Amino acid sequence: MKRLLFYILSLFAITSYAQKAPESGIPKGQVRGVIIDENSGAPIEYANVAIYSSELDELVTGGITNMQGEFTIEALKPGRYYAKVKFIGFRERQVDNFQINRQNIDLDLGKILLEPSVESLQGVEIVADKKAVSYKIDKKIVNPSQFMSAVSGTAVDVLANTPSVTVDVEGNVSLRGSSNFTVLIDGRPSPFTASDALEQVPAAQIETIEIITNPSAKYDPDGTSGIINIITKKNSQQGINGIVNVNASSIGSYSGDFLLNYRKNKFNFFVGANRSDGVRQGSYNGTTESYKGDTTYYTLQEGNGEKGRNTNSLKTGFNYSFSDNFVAGINLNAGYKQRYDLNTLDYTEGSTFGQDFKTKSVAENISDGNFFSGDINFEKKFKGEGHQLIGMFFYELSNSEEAAVNDRTMDDGSFLDGQKSWETDDSREYRLKLDYTLPISETIKLESGYQWRGDLEDSWTDQLFYTEPNSAGADKNSPNYYESTFNRNIHSAYSTLASELGSFGYQIGLRAEYTDRQINYVKDLEPIDSKIERLDFFPTLHLSYKLGETNQMMASYSKRIERPRGHYLEPFETWTDSYSVRSGNPDLLPEYINSYELSYQKELKKGFFSLEAFYRTTENKIDRVQSLWVDPATGEVSNTISRMTVANTGSDYALGIEGMVNLKLKDWWSLNINGSTFNYRVEGDESAGYGSAESQNWNTRISNTFNLSKTSRVQFDYMYNSASISAQGERGAFAFSNLSFRQEFMQRKLSATVSVMDVFNTAKFDYIAKGDGFKTERHWDMTSPIVQLQLSYKINNFTAKKERGGEGEGMDMDGF
């Protein structure tokens, strides 16, 4: 494997240097400079620089700035020029009359200051906003500040308004129709599952969200549909600055957080904390039917439920610039998390013979635990712009204890029976990363890197059945007690080559990963070992073509993998309530995904338009599947108890288009519309009993923002998601809308936002599953409308800054 990786890196290097041959003929020059925010002094990323011929008064070429606000525009023939610099939210700046000749081959325009745009309309001042969504060659960048209804929520609430993402009424997030994606926080992995990680981050502390549906080889290939990277707020000003937020809702949710930053010369220190209690309430009803011969058995359920996620966390860190070329830092994050699900349901069991049996079930499922993560990182710059080495050692530790109690009583209130189950997990993850960037020329960049990733998880489970009230706890001597150990090491090496040839840009990449995984578990007192060693290759390709100053086309391809999680592989059965059993599947294979995209972006006179076509195929698709439970002691198939597990159900295919338009219809009215439609097809493994199905899915989001004054605005959002199929059933369509009002005080230091969520009470969830001998229907109606209030206060004019380095930096071809 080492020899193969050596050949790959050598090939990229040879290709790169081959393209570096000098040109002959008339000498051409270049212009460079730095674009700076006049008020804050911060560099402006993605600013547009257009170069015009002074003699012909026409556009010649152009470019955009990198993360440091720097630009370099090459291949300028001798002559006189002027430049126009533009960026959303700033006044256009023109740099007049500069000349390229033999004495000025490399011309430095220095710092160019842009003034924030403030327009006057009938005596009312309106401050220009940032784009809600902007595009880079390999990612979409979402600005949460433009979604007022989300400011008092979490990252989940922000994503409900963004392209490529759907969020159902229970808060479950899908990226391009798949719930299997990777979540990063500032380019670092999270100790939580994807959905839990997004629920932990307050929207008020998010600077941007990067949605990467076709990541380059630089990123981990995990996740069916890509990566969501949360970039949290930092600070770019000297001295002490900060921000404080408090939130509350009409159903009992509340949260508070703060972030303080101290920066002096080469030293920067920050500390922040978050406390949140999130609640979702609603009513349930459902039916489960099973069929044996001419007899139909049914179980009806109806009642109320409450779901919640609570978090306490503290984060801190610092970095120090030892020199202009070397920066190092430490980040720490620790806290406590809890998730609970409380249900009170009335059950009716019966059959076609009409023998009804009524019970009441009170179920309580609580999972809580502590977490800690930390990293040591550095960035070393070498001679030459963009020539650098970035390193990081990351460690995380988390533990969780899950306890589920379900008691049933008869119609007359007498105790019938109950179950208790316990499960604990102690997990550790280690990562060592090195990323090296070598600019071979002004238009060619080579990136290479290595990562070691170690995962270790110890867990045990136990359960207890009783026919009278019982207060007993877990017992290692119980016949239902099982232990398991999950140990996995992944060694990765990658290389990417990026270049730009005139209007055409490309990046090719290859990542190789060697996986060594071992699972040891005990079942029926007999130890069982399962070991896998595997070498995988993940190629990526990104292409871009500029069609003038305001048009661009891009195409990309990536291969990805979704590895089964540790608890997905455990074969032990756990009772979640009197009618449901869940278990893992030790025979699960990883999913392999091939993803293709073609996109077009155009800057309009008063807005922005984009259109993307995408196609994704998945092999060995992993799905949650349902069946009737089989009693292991008797081999008898139950009439009323369902078994949930995970399985490789076959393959799926998604083909569709996604579009977005941002328009400033009036100086006081902005409109954002995005949506997608795609054909989703499942080809089930018939030999395993899974059928095939197909659906045409579509969704849309419409957001209207009305500026009443320079400190007041109103926003109305509407979202609709069509029905969709799965390997065993169909999820129903759902819609909801939000209305928000924001008012700023004290020269914008204090802001108050009032939001009404699900204004028309349309947020409902329906699901139907069918299988061999059974059919299940479920309906969940969320309690709404919900009124939310957020107060936010900035200390010393806090100005956010995006963090550099880590995986969040992405491919960055803008430096060309």
| Conditions (1) within 25 Å of residue 569 (Cβ to Cβ); (2) open to solvent by 20 Å² or more (accessible area, probe 1.4 Å); (3) free of Cβ contacts under 8 Å to residues at least 40 places away in the same chain; number of the one not met by residue 605 | (1)
| Only one of 685, 758 is acidic (Asp, Glu), modelled with pLDDT of 90 or more and surrounded by 15 or more Cβ atoms within 10 Å (Cβ to Cβ); which? | 758
| Positions within the stretch 458-467 being open to solvent by less than 40 Å² (accessible area, probe 1.4 Å) and either closer than 25 Å to residue 515 by Cβ or charged (D, E, K, R) (or both), in sequence order | 459, 462
| request: Could you please let me know if residue 436 is out of contact with any Pro (no Cβ under 6 Å at 6 or more places or on another chain), open to solvent by 40 Å² or more (accessible area, probe 1.4 Å), in contact (Cβ under 8 Å) with a residue 12 or more places away in the chain and within 30 Å of residue 73 (Cα to Cα)? | output: yes
| query | Would you say residue 466 is modelled with pLDDT under 95 and of a type outside the set (S, T, N, Q)? | reply | yes
| request: Just give me the residues in the stretch 378-418 being basic (Lys, Arg) and within 18 Å of residue 343 (Cβ to Cβ), in sequence order. | output: 408
| message | Take the conditions touching a Pro at 6+ places or on another chain (Cβ under 7 Å), touching a residue at least 24 places away in the same chain (Cβ under 8 Å), closer than 30 Å to residue 434 by Cβ and not in a strand (DSSP E or B) and apply them to residue 571. Does it pass? | response | no
| remark: Considering only strands (runs of 3 or more DSSP E) wholly within the stretch 204-307, the ones with at least 1 residues that are more than 30 Å from residue 589 (Cα to Cα), open to solvent by 20 Å² or more (accessible area, probe 1.4 Å) and β-branched (Val, Ile, Thr) are 239-249, 267-292
| Taking the stretch 723-750 on its own, how many of its residues are over 15 Å from residue 681 (Cα atoms) and either open to solvent by less than 50 Å² (accessible area, probe 1.4 Å) or assigned to a strand (DSSP E or B) (or both)? | 15
| Does residue 629 fit the bill of being within 28 Å of residue 520 (Cα to Cα), crowded, with 16+ Cβ neighbours inside 10 Å and modelled with pLDDT of 90 or more? | yes
| said: Would you confirm whether or not the stretch 5-14 contains a residue that is modelled with pLDDT of 80 or more, surrounded by 15 or more Cβ atoms within 10 Å (Cβ to Cβ) and touching a strand residue (DSSP E or B) at 6+ places or on another chain (Cβ under 7 Å)? | reply: no
| Test set (1) at pLDDT below 85; (2) under 17 Å from residue 434 (Cα atoms) - residue 496 fails condition number | (1)
| request: Go through the stretch 166-219 and give me each residue that's at pLDDT 75 or above and of a type in the set (S, T, N, Q). | output: 182, 208, 213, 214, 216
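If we scan the stretch 468-489, do we find a residue that is within 24 Å of residue 437 (Cβ to Cβ), touching a residue at least 24 places away in the same chain (Cβ under 8 Å) and either buried (at least 19 other Cβ atoms within 10 Å of the Cβ) or not hydroxyl-bearing (Ser, Thr, Tyr) (or both)?
There is no residue in the stretch 468-489 that is within 24 Å of residue 437 (Cβ to Cβ), touching a residue at least 24 places away in the same chain (Cβ under 8 Å) and either buried (at least 19 other Cβ atoms within 10 Å of the Cβ) or not hydroxyl-bearing (Ser, Thr, Tyr) (or both).
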| Taking the stretch 60-78 on its own, how many of its residues are in a strand (DSSP E or B) and either open to solvent by less than 20 Å² (accessible area, probe 1.4 Å) or touching a residue at least 40 places away in the same chain (Cβ under 8 Å) (or both)? | 10
| field | Test set (1) open to solvent by 30 Å² or more (accessible area, probe 1.4 Å); (2) farther than 29 Å from residue 449 by Cβ; (3) modelled with pLDDT of 75 or more - residue 41 fails condition number | value | (3)
| request: Inspect all residues belonging to the stretch 611-624 and state whether any of them is over 29 Å from residue 597 (Cβ atoms), out of contact with any Pro (no Cβ under 9 Å at 6 or more places or on another chain), open to solvent by 40 Å² or more (accessible area, probe 1.4 Å) and in contact (Cβ under 8 Å) with a residue 12 or more places away in the chain. | output: no
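Which residue is nearest to residue 684 (Cα to Cα), if the candidates are limited to the stretch 708-722 and must be open to solvent by 20 Å² or more (accessible area, probe 1.4 Å) and in a strand (DSSP E or B)?
The selected residue is 720.
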| Flag for residue 703 being buried (at least 21 other Cβ atoms within 10 Å of the Cβ), of a type outside the set (D, E, K, R), in contact with a helix residue (DSSP H, G or I) (Cβ under 7 Å, 6 or more places away or on another chain) and in a strand (DSSP E or B) | no
| task | Taking only the stretch 577-602 into account, find how many residues are outside any loop (DSSP other than H, G, I, E, B) and open to solvent by less than 20 Å² (accessible area, probe 1.4 Å). | result | 7
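The values are calculated or read from the model by the stated rules, or taken from the named source; none is laboratory data. A quick note: this is a predicted structure, and the numbers were derived from the prediction, not measured. No Cβ is skipped: glycine too gets one built from the backbone with ideal geometry, and neighbour counts run over all protein chains shown. When the accessible area is computed, the model is the full protein with side chains, heavy atoms only, and any ligands, DNA or RNA have been set aside. Shrake-Rupley method; radii C 1.70, N 1.55, O 1.52, S 1.80 Å.
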